[in-house]
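K.L.:
Structure incoming, see below.
The values are calculated or read from the model by the stated rules, or taken from the named source; none is laboratory data. Model, not experiment: these values are computed from the prediction. Note that we place each Cβ from the backbone using ideal geometry, even for glycine, and neighbour counts take in every protein chain shown. Just the protein is used for accessible areas: all its heavy atoms, side chains included, with ligands, DNA and RNA removed. Shrake-Rupley method; radii C 1.70, N 1.55, O 1.52, S 1.80 Å.
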Amino acid sequence: MLDPVELASRLAGVRERIARAAGRVRRDPSTIRLVAISKTFPAADVRSAAAAGQLDFGENKVQEALTKMEQTADLPLRWHLVGHLQSNKARKAAASFDAIHSIDAASLATRLDAAAQETGRPVELLIQVDLAGEPTKYGVRRDDLLGVIEPALQCKAARLTGLMLLPPATADPEAARPYFAALRRLRDDLVAQGIPSSRLAQLSMGMSQDFEVAIEEGATLLRVGTAIFSRRPGPGTGV
Ligand SMILES: *Cc1c(COP(=O)(O)O)cnc(C)c1O
């Protein structure tokens, strides 16, 4: 378990940097939501972050998330799935997550909607967009986007609220800026083409490395892990 005092202080530091970045581009910081990515960290650390006022948490694996949700069920937390979702886990995911950032196929949106209708539990959907064309990465190519957006707009219990981007990994935050700007332009183009702006209001982009750049380019949901929880145990450490 992490030292709760250090965790709270890192969290405060991230919040301060968010406020400063928002100030630089005259954005209201309350329109930017910080999602603390708690993957690999135990429920005890989620509790420490929650005690410091953090209520949105993100995970990239369904099972790991379900365990932590159970262990923190007494807290009013909102859970975001930010990793790839296999369609056979859609029902479980719809029953427990508040938002799923990794929609990469129309069939996945439809399945989540069917599950959400059954449970009567609304779930927010964000479509993961692949702007770099990386062969190893999940996400919908720009040219295929309307083919996922249109069916997602038909959902009854699930609700499309925006787009998500995971740009190519790099050590230089500025290298991500063109991708962030491109996602925002893409959203603006889609709205100009008639997609209701409320359905594309959220831009999930920016991680520990580059969340300030993402804020400058219009991010509304930041997915920040290491800057809050410290470095995850790397490969080869048995985790
Ligand atoms: C792990 C992860 C993050 C957080 O990354 P950090 O560099 O630790 O901030 C954000 N988004 C996704 C999709 C992730 O898997």
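K.L.:
Can you tell me, using C-alpha contacts under 8 Å and at least 6 residues apart, the relative contact order of the stretch 151-239 as a whole percent?
P.N.:
On the way: 107 pairs, mean separation 24.7, N = 89.
Normalised by residue count, the contact order of the stretch 151-239 is 28 percent.
K.L.:
Summing -39500 (n - 2.57) over the DSSP H runs of n ≥ 4 in the chain and dividing by its residue number, what mean residue ellipticity at 222 nm do you reach, to the nearest 500 deg cm²/dmol? Walk me through the intermediate numbers first.
P.N.:
Values: 9 runs with 99 residues, N = 239.
Dividing the helical sum by the residues of the chain leaves -12500 deg cm²/dmol.
K.L.:
Under 20 Å Cα to Cα from Lys92, which lysines show up? Leave out anything in the same chain fewer than 8 places away.
P.N.:
Partners within reach: Lys39, Lys61, Lys68, Lys156.
K.L.:
At a probe size of 1.4 Å, how large is the accessible area of Glu150, to the nearest 10 Å²?
P.N.:
Here the residue's solvent-accessible area equals roughly 90 Å².
K.L.:
For the full complex of protein chains and a 1.4 angstrom probe, list Lys61, Lys68 by accessible area with the highest value first. Write down the numbers at each step before the final one.
P.N.:
On the way: Lys61 120, Lys68 10 Å².
Of Lys61, Lys68, the descending order of accessible area is Lys61, Lys68.
K.L.:
What dipole magnitude, in Debye to the nearest 20, does the chain give about its Cα centre under +1 on Lys/Arg Cβ and -1 on Asp/Glu Cβ? Write out the running numbers ahead of the final one.
P.N.:
Numbers: 31 positive and 28 negative charges, 41 e Å.
Computed about the Cα centre, the dipole is about 200 debye.
K.L.:
Please compute the modelled spin-label separation between Glu174 and Gln71, points set 7 Å along Cα→Cβ, answer in nm with one decimal.
P.N.:
In this crude spin-label approximation the distance works out to 4.1 nm.
K.L.:
Classify the chain as rounded, prolate or oblate from the Cα gyration tensor: take a ≥ b ≥ c as the square roots of its eigenvalues, call it rounded if a/c is under 1.5, otherwise prolate when a/b beats b/c and oblate if not.
P.N.:
Working: a/c = 1.58, a/b = 1.16, b/c = 1.36.
Cα axes put the chain in the oblate bin.
K.L.:
Say R0 is 45 Å: what FRET efficiency, to the nearest 0.05, do Val5 and Ala114 get from their beta-carbon distance? Please report the intermediate quantities before stating the final value.
P.N.:
Working: r = 45 Å, r/R0 = 1.00.
Calculated transfer efficiency: 0.50.
K.L.:
If the viscosity is 1.567 mPa s and the temperature 4 °C, what Stokes-Einstein diffusion coefficient in µm²/s follows for the stretch 132-239 when Rh is the Kirkwood radius over Cα pairs? Present the calculation step by step, with values, prior to reporting the outcome.
P.N.:
Values: Rh = 15.3 Å.
Taking Rh from Cα pairs, D becomes 85 µm²/s.
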